[in-house]
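Just below is one structure, and these are the notes that go with it.
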Amino acid sequence: MGDLVSVSGLVKHYDSRRGLLGRITGNHGARVQAVNGVDLGIARGSTTGLIGESGCGKSTLGRAILRLHEPTAGTVRFDDTDVTGLDAEAMRDMRRRMQIIFQDPYASLNPRRTVGEIMSKPLRLHGLARGGEIRDRTVEILERVGLNAGHLNRYPHQFSGGQRQRIGIARALIMKPEFVVCDEPVSALDVSIQAQIIELLEELKREFGLTYLFISHDISVIGYVSDRIAVMYLGRIVEEGQTAEVLNAPAHPYTQALLASVPQVENAGKRAASVKLKGDLPSPTNPPTGCSFHTRCPAATGRCSVDAPGAVDLGKGHRAACHLLTGAS
Ligand code: SF4
């Protein structure tokens, strides 16, 4: 199975004080190194889970892949097209094929528009349907996500959190995309609703042949939905592999620490129990030198604060970036 999405050397840096105030004062604040050279392949029809703590850059990576945030450097190939090289019009067409489901559906839905208006806007914008066809397609996708035609004239605040996320999913899928970034799609929901939304996303993936990049800070969710897992720390992928490999034999001390924090993850690697994650994520405006995990890593040596480790191939597509794996730390 080939890669539908192929990310190479992707970088996204930005000034911490952007916008009007920054322009008026000329003070653009510190440089945030949100994504720092990511390579990632996402196989067609698969789910790649992207896991990491809040602030590690995973949402920025998802948005940079879709060019909702313009990358600073690197390339994103989608089905053999270099997305990063497309002009605005070509990118608009491409965006039909690459959609996003947001964490907070309420914030992402215009409160002054009805569900019917929200859903029909992308169809009109891209000229994908006209007249009665717009309503038919809208009702069809609403019904597929568990809503109905009676909801068309209601406003977002008239729905529960779970229903709003169903609207967010329907809005993404009405464009018939091939690739969807699911950005923490269940994090804002009650636990009882989370399972329903995850199940719905799984069904839709099978039905429409979708490819997902599923972003979450919850290793239990990631372990459940993913074919492959990529572990992100301070803007870099530090470990990547098939789900069973990463969960059963985590190679990077950071992955081991993530697994140690959730003992209920079935078959979590035995080594995970020995590593506890201490302290907070360092600021991405001033990441540590060498291995960026060295300030929190219980296995760090003198070399770790100086040399950044490269990815080590562990077989079966499993890779991790740690000096311990080269036997020369
Ligand atoms: Fe820890 Fe060093 Fe490995 Fe980084 S390279 S994860 S600091 S042992």
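The values are calculated or read from the model by the stated rules, or taken from the named source; none is laboratory data. Because the structure is a prediction, the values reported are computed rather than measured. Counting neighbours? That spans all protein chains shown, and the Cβs are built from the backbone with ideal geometry, glycine included. Accessible surface is based on the protein model in full, side chains and every heavy atom, while ligands, DNA and RNA are left aside. Shrake-Rupley method; radii C 1.70, N 1.55, O 1.52, S 1.80 Å.
Got a sec? Which of PRO298, PRO263 is at pLDDT below 95, in a loop (DSSP other than H, G, I, E, B), touching a helix residue (DSSP H, G or I) at 6+ places or on another chain (Cβ under 8 Å) and within 10 Å of the ligand (Cβ to nearest atom)?
Answer to the selection: PRO298.
Working only within region 301-315, note down all residues that are more than 7 Å from the ligand (Cβ to nearest atom) and either assigned to a loop (DSSP other than H, G, I, E, B) or open to solvent by less than 40 Å² (accessible area, probe 1.4 Å) (or both).
Hits for region 301-315 are VAL306, ASP307, ALA308, GLY310, ALA311, VAL312, LEU314, GLY315.
Within region 184-197, which residues are touching a residue at least 60 places away in the same chain (Cβ under 8 Å) and either surrounded by 24 or more Cβ atoms within 10 Å (Cβ to Cβ) or in contact with a Pro (Cβ under 7 Å, 6 or more places away or on another chain) (or both)?
Scanning region 184-197 gives a single hit, PRO185.
Which numbered condition trips up ILE174, out of (1) out of contact with any Ser or Thr (no Cβ under 8 Å at 6 or more places or on another chain); (2) more than 30 Å from ASN36 (Cβ to Cβ)?
(1)
Can you tell me which residue is nearest to the ligand (Cβ to nearest atom) among those in region 278-295 that are open to solvent by 40 Å² or more (accessible area, probe 1.4 Å) and in contact with a helix residue (DSSP H, G or I) (Cβ under 9 Å, 6 or more places away or on another chain)?
Restricting to residues being open to solvent by 40 Å² or more (accessible area, probe 1.4 Å) and in contact with a helix residue (DSSP H, G or I) (Cβ under 9 Å, 6 or more places away or on another chain), the top hit is HIS294.
Just checking, which of ARG96, ARG130, ARG124, ARG92 is touching a Pro at 6+ places or on another chain (Cβ under 8 Å) and basic (Lys, Arg)?
Just a single option satisfies the conditions, and that option is ARG96.
Considering VAL115, VAL145, VAL76, VAL83, which residue is over 19 Å from VAL180 (Cα atoms), crowded, with 17+ Cβ neighbours inside 10 Å and either under 25 Å from the mean Cα position of the chain (by Cα) or touching a residue at least 24 places away in the same chain (Cβ under 8 Å) (or both)?
After ruling out the rest, the residue left standing is VAL115.
If you check ARG124 against the conditions, is it assigned to a helix (DSSP H, G or I), farther than 22 Å from TYR224 by Cα and of a type outside the set (Gly, Ala, Ser)?
In short, yes.
Before we move on, is ASN110 modelled with pLDDT of 95 or more and not aromatic (Phe, Trp, Tyr)?
No.
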